[in-house]
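Structure first, then comments.
The values are calculated or read from the model by the stated rules, or taken from the named source; none is laboratory data. What you are looking at is a predicted structure, and each value in this text was computed from that prediction instead of being measured. Please note: Cβ atoms are built from the backbone with ideal geometry, for glycine as well, and neighbour counts cover all protein chains shown.
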Amino acid sequence: MKFKLSDYGYPLEIWNLYRFLQKSNGYTREQLVDYQNKKLNAIIEHAYSHVPYYRELFEKNQLKPPDIQTVEDLVKIPVLAKETVRERFDDLIADNAIRYKPYLNRTSGSTGTPLKFMQDKNVSIARFAFFWHIWRSAGYRPYLKWAQIDGMFEPDDDSIWRYDLQMNSLQISAYSLNEQNCKKILKKISTFRPKIVRGFPSALYVLAQASENLNFDIQFKPKSVITYSEQLYPFQRELINKVFGCPVYNIYSMWEAVCLIAECASGSQHQYMEFSVMELLDKNNSPVQKGESGEITATSFYNYAMPFIRYKTGDLATLAEDSCSCGRAHVIVKDMDGRKDDSIITPEGNRISRLSRVFRNTDGYNYAQVRQVSEKEIVVLLVPNDKFQENTTDQLKQELQKRLGTSLKIEFRLVDDIEPLPNGKRRLVVNDWIRTDEE
């Protein structure tokens, strides 16, 4: 998660929420649910009173705010799909949104579905406070030196890293991880000596592999490694832990800010109940049983400019049967199964797995998928919509080449649909060239 300068504009609100999270560490499950119910009542009342879409939805289903008293009552409300957010964007904005200092945000999501939405100062405050709280358990303190390797920074003029003075961090591009660049990056971070290392699991794993292959001994020991945005596999965790010599903490979140799951020092994945209500639903939008995989569907407590109530994320998870030995009473997630995109391998040897930012700012299609069909060719499937223009593919090609280089042939194909996997997800990246039958 990257913070903007404007996020620092609410110090008192951030501090108060952070202090509350320190206190709620000791809450029982009943206390956490009571807190959820209070926050839920407030957002439901607001949505009904000020958001045209929800007023219409409630009336259509003969509902009033008093009908939604507890988290168990949420099943009375139809789910919110990404397609609905795109189609009813204006109707989902609160008529008093201006009082919450709204701003536009965008994401492609992990499945290549472009989406824009409004957020507000409450989301900024919550992001800051919750991540401060979570990172603190991994050893972070304000202005502590850290390194980050992900897709937020795109290479420019052969530069593969930048220093962010505001955050006291070394920002490293995850788009150019060939052997030569990995060696440079390893040397750079060894000189920089960050206390925290953050990044995509795949990028950190490639870097850890390079350290092993090059017999490069990292000359520092960080407090922790924090991973996010992708599935963290056990083999990746094992090697990252070995190379960096510190605990690895994994975090699940999304730009829509409807759900937050973070790993504690005991190794459990906590769904932060103070952040939102999370449901796991089957393909018929019915709750799954414990031990069964379901789609993460969540209701945020903090976005008053554009409330997301029972928002379907497209990501899958399974709940754990047990509580956590750390003592916190959050819902515990056993398995995550939602961000397992394949990698594109360039002729130069770069392995690139996160291409979602390519598709963030394009409105001309509903779905996209990048498929590597040979060593030197990728095919981009697009399901166009009525905003598709002749230059849409040109824009996408330019964005792809920024990350993949120009040695790969890129072919675009317009299709009626992209067939989903059995779990219902449409992968953004599929590598047919190296794919095995293990899927």
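Of the residues making up region 234-250, those that are of a type outside the set (A, V, I, L, M, F, W, C) and surrounded by fewer than 17 Cβ atoms within 10 Å (Cβ to Cβ) are Pro234, Glu238, Asn241, Lys242, Gly245.
For region 8-43, enumerate the residues that are at pLDDT below 95, hydroxyl-bearing (Ser, Thr, Tyr) and either in a helix (DSSP H, G or I) or more than 25 Å from the chain's Cα centre (by Cα) (or both). Within region 8-43, Tyr8 is the sole residue that qualifies. Look at Ala305 and say whether it is crowded, with 20+ Cβ neighbours inside 10 Å and more than 20 Å from the chain's Cα centre (by Cα). In short, yes.
Does Leu421 qualify as being closer than 21 Å to Gly314 by Cα and modelled with pLDDT of 90 or more? Even if it seems obvious, please write down each step before you answer.
Working: closer than 21 Å to Gly314 by Cα: yes; modelled with pLDDT of 90 or more: no.
Criteria not met by Leu421.
Determine which member of the set Val197, Val123 is within 22 Å of the chain's Cα centre (by Cα), crowded, with 17+ Cβ neighbours inside 10 Å and in contact (Cβ under 8 Å) with a residue 60 or more places away in the chain. After ruling out the rest, the residue left standing is Val123.
Filter region 361-383 down to the residues that are without any contact (Cβ under 8 Å) to a residue 40 or more places away in the chain and either of a type in the set (Gly, Ala, Ser) or surrounded by 17 or more Cβ atoms within 10 Å (Cβ to Cβ) (or both) and list them by number.
Gly364, Ile378, Val379, Val380, Leu381, Leu382, Val383
Which of the following residues is of a type in the set (Lys, Arg), surrounded by fewer than 19 Cβ atoms within 10 Å (Cβ to Cβ) and either under 24 Å from Phe131 (Cβ atoms) or outside the structural domain of Ser323 (by TED's automatic domain parsing) (or both): Lys283, Lys223? Before the answer, list the steps.
Numbers: Lys283 fails: either under 24 Å from Phe131 (Cβ atoms) or outside the structural domain of Ser323 (by TED's automatic domain parsing) (or both).
Result of the check over Lys283, Lys223: Lys223.
Taking the conditions exactly as written (over 30 Å from Gly151 (Cβ atoms), touching a residue at least 40 places away in the same chain (Cβ under 8 Å) and in the same structural domain as Phe301 (by TED's automatic domain parsing)), does Tyr27 satisfy them or not? When the stated conditions are applied, Tyr27 passes them. Applying the condition of being small (Gly, Ala, Ser) and assigned to a strand (DSSP E or B) to region 126-183 and asking which residue is modelled with the lowest pLDDT yields Ser159.
Out of all the residues in region 126-156, which are without any contact (Cβ under 8 Å) to a residue 24 or more places away in the chain and not acidic (Asp, Glu)? Walk me through it before giving the result.
Of all residues in region 126-156, those without any contact (Cβ under 8 Å) to a residue 24 or more places away in the chain come to 136, 141-142, 153, 156.
Arg136, Arg141, Pro142, Phe153, listed by residue number.
Would you confirm, using the coordinates I've provided, whether Leu80 is touching a residue at least 12 places away in the same chain (Cβ under 8 Å) and over 30 Å from Gly9 (Cα atoms)?
It is true that Leu80 is touching a residue at least 12 places away in the same chain (Cβ under 8 Å) and over 30 Å from Gly9 (Cα atoms).
All told, Met306 meets the bar of being assigned to a loop (DSSP other than H, G, I, E, B) and not polar (S, T, N, Q).
Taken over region 44-64, residues that are of a type in the set (Gly, Ala, Ser) and more than 26 Å from the chain's Cα centre (by Cα) amount to 1.
Just one of (1) surrounded by 18 or more Cβ atoms within 10 Å (Cβ to Cβ); (2) more than 15 Å from Leu428 (Cβ to Cβ) fails for Arg413. It is (1). When Thr299, Thr346 are checked against the criterion of being hydroxyl-bearing (Ser, Thr, Tyr), under 30 Å from Ile98 (Cα atoms) and buried (at least 20 other Cβ atoms within 10 Å of the Cβ), Thr299 stands alone in meeting it. Here Val430, Val380 are screened, and the one residue that is more than 30 Å from Ile261 (Cβ to Cβ), modelled with pLDDT of 85 or more and outside any loop (DSSP other than H, G, I, E, B) is Val380. Of the residues Leu57, Leu74, the single one that is touching a Ser or Thr at 6+ places or on another chain (Cβ under 7 Å), in a helix (DSSP H, G or I), buried (at least 16 other Cβ atoms within 10 Å of the Cβ) and at pLDDT 95 or above is Leu74.
Just one of the numbered conditions (1) assigned to a helix (DSSP H, G or I); (2) under 16 Å from Arg310 (Cβ atoms) is not true of Gln69: (1).
Determine whether Ala94 is in a loop (DSSP other than H, G, I, E, B), buried (at least 18 other Cβ atoms within 10 Å of the Cβ) and outside the structural domain of Asp417 (by TED's automatic domain parsing). Yes; evaluated as a whole, the condition is true for this residue.
Output the residues belonging to region 153-194 that are over 23 Å from the mean Cα position of the chain (by Cα), among the hydrophobic types (A, V, I, L, M, F, W, C) and within 16 Å of Ile240 (Cβ to Cβ). Passing the criteria: Cys182, Ile185, Leu186, Ile189.
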